[in-house]
Amino acid sequence: MFTVEQRDALRERVLRLAEEDDRVVAGAAVGSLAVDEGDRFSDLDLTFAVADQVSVADVLDEWTTTLVDELGAVQLVDLERDPTIYRVFLLPDALQFDLSLTPAARFRPAGPRFRLLFGATVAGEPEGTSAPGTLFIPTPAVAVDIFGWGVVYALHARASIERGRVWQAEHYVAGVRDHALSLACLRRGLVAVQGRGYDALPSDALAGLDATLPGSVERDALRAALAASVRVLLREGAEADLARAEAVAERLSELH
């Protein structure tokens with residue numbers, strides 16, 4: 001489990017990276033750490049504005065290379081919500097870092113949990129606030145994305161359990177299990193969405209699945225179900241021969 005000091009050190013390194021990059025013209029903290037000091041389990045969320053004549057994707061890819069080479073970051077997933085690209089990383093000791101980049105002409109708060117660190121935002125209402133949102137994060141039926149989002153759900157489940165948010169934790173534990181089963185379906189040529197292929201999975205793929213059901217929302221039951229769900233997810237990631245599966249397994253060792 002990462003320490004607050006590790007999280008703070010990562011924050012300072014990323015802000016230094018932004019300071020040294022002339023293409024980056026503004027930056028902000030988002031999420032829980034934008035409004036207060038967060039807690040022991042808060043991950044790091046930073047967002048930046050990129051000069052309008054510059055490719056956001058190019059900056060993101062260059063920063064990714066630096067984070068991987070210098071800090072051992074593992075890229076988990078990307079999420080594009082025009083005009084912003086989000087990229088989620090897993091650092092050593094299971095520290096999650098959410099990085100997002102936006103063209104400067106459209107850089108503005110997307111919600112109340114936004115604290116400007118340098119530069120400026122543009123005037124106007126946040127984009128997309130009129131939409132009601134969706135119940136689930138849309139995940140492409142691609143092995144690396146299914147695995148990556150499963151890892152994100154595992155990290156959020158752990159934080160929710162420790163914070164005593166047991167029903168939220170149960171939701172995330174189920175998300176880990178569902179992503180593991182979807183990955184199992186995809187690997188076997190079965191329908192990998194909406195649980196349609198689950199019952200066609202062979203017995204070896206379903207081994208250990210009973211233990212992923214918590215049975216109650218007591219913390220110990222949730223921890224045990226999370227551990228079982230993570231084991232199945234990691235097993236399927238390894239069976240799918242995903243390059244990042246081994247590194248992720250090491251960093252989630254305390255969860256399984």
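The values are calculated or read from the model by the stated rules, or taken from the named source; none is laboratory data. In this text the structure is predicted, and so the values were computed from the model without any measurement. Positions of Cβ are backbone-derived with ideal geometry, glycine not excepted, and every protein chain shown enters the neighbour counts. Just the protein is used for accessible areas: all its heavy atoms, side chains included, with ligands, DNA and RNA removed. Shrake-Rupley method; radii C 1.70, N 1.55, O 1.52, S 1.80 Å.
Exactly one residue out of ALA227, ALA238 is assigned to a helix (DSSP H, G or I), open to solvent by less than 20 Å² (accessible area, probe 1.4 Å) and closer than 22 Å to HIS156 by Cα, and it is ALA227. Among the residues making up the range 186-216, a single one is closer than 16 Å to VAL230 by Cβ and polar (S, T, N, Q): THR212.
Among the residues of the range 82-95, which ones are within 15 Å of GLY31 (Cβ to Cβ) and either modelled with pLDDT under 95 or in contact with a strand residue (DSSP E or B) (Cβ under 6 Å, 6 or more places away or on another chain) (or both)? Residues satisfying the conditions are THR84, TYR86, ARG87, VAL88, PHE89.
PHE48 meets all of the listed conditions (1) in contact with a Pro (Cβ under 6 Å, 6 or more places away or on another chain); (2) open to solvent by less than 20 Å² (accessible area, probe 1.4 Å) but one, namely (1).
Out of the residues in the range 62-77 meeting the condition of being open to solvent by 30 Å² or more (accessible area, probe 1.4 Å) and in contact (Cβ under 8 Å) with a residue 60 or more places away in the chain, tell me which one is nearest to HIS179 (Cα to Cα). Even if it seems obvious, please write down each step before you answer.
Within the range 62-77, the first condition is being open to solvent by 30 Å² or more (accessible area, probe 1.4 Å), and the residues that meet it are 62, 65-66, 68-71, 75.
If we keep only those that are in contact (Cβ under 8 Å) with a residue 60 or more places away in the chain as well, we get 71, 75.
On the way: LEU71: 27, GLN75: 17 Å.
Among residues in the range 62-77 that are open to solvent by 30 Å² or more (accessible area, probe 1.4 Å) and in contact (Cβ under 8 Å) with a residue 60 or more places away in the chain, the one nearest to HIS179 (Cα to Cα) is GLN75.
Does the range 210-256 hold any residues that are among the polar types (S, T, N, Q) and closer than 13 Å to GLY150 by Cα, and which are they? Passing the criteria: only SER229.
Here the helices (runs of 4 or more DSSP H) wholly within the range 98-216 that include at least 1 residues being in contact with a helix residue (DSSP H, G or I) (Cβ under 8 Å, 6 or more places away or on another chain), of a type in the set (Lys, Arg) and at pLDDT below 95 are 166-187.
Going by what's in this entry, would ALA18 be described as open to solvent by less than 10 Å² (accessible area, probe 1.4 Å) and assigned to a strand (DSSP E or B)?
Values: open to solvent by less than 10 Å² (accessible area, probe 1.4 Å): yes; assigned to a strand (DSSP E or B): no.
No, not satisfied.
Residues of the range 163-178 that are open to solvent by less than 60 Å² (accessible area, probe 1.4 Å) and more than 15 Å from ALA228 (Cα to Cα): GLY164, VAL166.
For the range 21-46, a residue qualifies if it is part of a loop (DSSP other than H, G, I, E, B) and in contact with a Ser or Thr (Cβ under 8 Å, 6 or more places away or on another chain), and the qualifying residues are GLY31, GLY38, ASP39, SER42. May I ask you to verify whether VAL56 is touching a helix residue (DSSP H, G or I) at 6+ places or on another chain (Cβ under 6 Å), buried (at least 20 other Cβ atoms within 10 Å of the Cβ) and closer than 16 Å to TYR86 by Cα? No, not satisfied.
Selection of the range 179-198 for residues being of a type in the set (A, V, I, L, M, F, W, C) and either surrounded by 14 or more Cβ atoms within 10 Å (Cβ to Cβ) or touching a strand residue (DSSP E or B) at 6+ places or on another chain (Cβ under 7 Å) (or both) yields ALA180, LEU181, LEU183, ALA184, CYS185, LEU186, LEU190, VAL191, ALA192.
Residue check: is ARG235 modelled with pLDDT of 95 or more and closer than 23 Å to PHE2 by Cβ?
On the way: modelled with pLDDT of 95 or more: yes; closer than 23 Å to PHE2 by Cβ: no.
The answer is no for ARG235.
Looking at this structure, is TRP63 within 30 Å of ALA192 (Cα to Cα), part of a helix (DSSP H, G or I), modelled with pLDDT of 95 or more and touching a helix residue (DSSP H, G or I) at 6+ places or on another chain (Cβ under 8 Å)? Working first, answer last.
Details: within 30 Å of ALA192 (Cα to Cα): no; part of a helix (DSSP H, G or I): yes; modelled with pLDDT of 95 or more: yes; touching a helix residue (DSSP H, G or I) at 6+ places or on another chain (Cβ under 8 Å): yes.
No.
Out of the residues in the range 9-43 meeting the condition of being within 26 Å of GLN53 (Cβ to Cβ) and of a type outside the set (A, V, I, L, M), tell me which one is nearest to the chain's Cα centre (by Cα). It comes out as GLY27.
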